[in-house]
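What follows is one structure encoded as structure tokens, with my remarks underneath.
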Amino acid sequence: MELRHIQYFVTVCDEGSVSRAAQTLHITQPNLSRQLRQFERDLGVDMFDRSTGRLIPTSSGRTLLPMARGVLAASRALAMAAHARGSGTLESLTIAAPSVTLNDIVAPFVATLGSEAPTIDVWTTEGTTPAALFARGADVVVMTTDSSRTYARRTLAHLPVWLQVPADHPWAGRAHVTLDEAASEPVILPPLDTSARRSWDAALTHHGVHATSVIDAASSTIAQALAAAGRGRPSRQTIPDSASSHSN
């Protein structure tokens, strides 16, 4: 079975007649008819009913037509991918990152790309390791904490960890709060699988700081609601880079 025979079969089905298909394919009608019979012999099944003098797809032909289209689509995708590799360009790029990073950084970046740029796909990294993401096919993984040195790495940015406090809290007017200060009061934290929580926990571990009291919230939104209700002492200030040197 040859790929061109599959193309002939699909074209005849699309055009509705051998004569129109032959014009589309730029081959003679007798030659196309011979190629279609060879295609049927290779498959061992009749793809067309010829009893009316026209080529009408049989039940087998109608059943196999979607698969034939899939083979042609895969062939075109292979050719495009090979061309992209040969020319040193990327056809697609899959970026995995925390949801906040995807919304605030990756999405605006994608919006600046031209039509010739690779097609960008994105995944969230919440609750997933870099190894698992790469195994699934991610090209780039953005993390808030250091990953295994197995992978090539580059620091993209140093971002602050934001805390929230009531307007009358002593920290409300300050630009920075140290990690020791933040850990000395009750803190409401988002779930363990969020990037903000991982950054907080990694900072405590890195600097050997122990949080006095922690309230675990079911989500970041619930954490904010608990703070607004007066539970805990989260704040709007940033932890200095020296205390939260974890990059997105």
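The figures follow:
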read-out: Segments classed as helices (runs of 4 or more DSSP H), wholly inside region 178-234, with at least 1 members that are among the hydroxyl-bearing types (S, T, Y) and within 33 Å of the chain's Cα centre (by Cα); value: 195-207, 220-228
read-out: Check on S219, out of contact with any Cys (no Cβ under 6 Å at 6 or more places or on another chain), within 21 Å of T178 (Cβ to Cβ) and surrounded by fewer than 13 Cβ atoms within 10 Å (Cβ to Cβ); value: no
read-out: Residue pairs meeting the criteria (Cβ under 9 Å; at least 6 apart or on separate chains; first more than 13 Å from I95 (Cα to Cα), in region 108-127; second among the aliphatic types (A, V, I, L, M)); value: L113/I120; A117/L90; A117/L93; A117/V110; G127/L192
read-out: Some residue of region 98-107 being under 30 Å from A135 (Cβ atoms), within 37 Å of the chain's Cα centre (by Cα) and assigned to a loop (DSSP other than H, G, I, E, B); value: yes
read-out: Filter result (at pLDDT 85 or above and open to solvent by less than 60 Å² (accessible area, probe 1.4 Å)) within region 156-177; value: V177
read-out: Check on L55, surrounded by 14 or more Cβ atoms within 10 Å (Cβ to Cβ), in contact with a strand residue (DSSP E or B) (Cβ under 6 Å, 6 or more places away or on another chain), modelled with pLDDT of 80 or more and under 24 Å from R198 (Cβ atoms); value: no
read-out: Test: residue in region 22-39 that is open to solvent by less than 40 Å² (accessible area, probe 1.4 Å), in contact (Cβ under 8 Å) with a residue 40 or more places away in the chain and small (G, A, S); value: no
read-out: Tabulated pairs, region 201-213, first closer than 10 Å to L179 by Cα, second assigned to a helix (DSSP H, G or I) and open to solvent by 50 Å² or more (accessible area, probe 1.4 Å), C-beta under 7 angstrom, 6+ apart or interchain; value: V209/D180
read-out: Odd one out for T11, checked against (1) open to solvent by 30 Å² or more (accessible area, probe 1.4 Å); (2) free of Cβ contacts under 8 Å to residues at least 40 places away in the same chain; (3) not small (G, A, S); value: (1)
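The values are calculated or read from the model by the stated rules, or taken from the named source; none is laboratory data. Keep in mind it's a predicted model, so treat the numbers as computed, not measured. For neighbour counting, all protein chains shown are included, and Cβ atoms are generated from backbone atoms with ideal geometry for every residue, glycine included. To get the accessible areas, we keep the full protein, side chains included, count just its heavy atoms, and leave off ligands, DNA and RNA. Shrake-Rupley method; radii C 1.70, N 1.55, O 1.52, S 1.80 Å.
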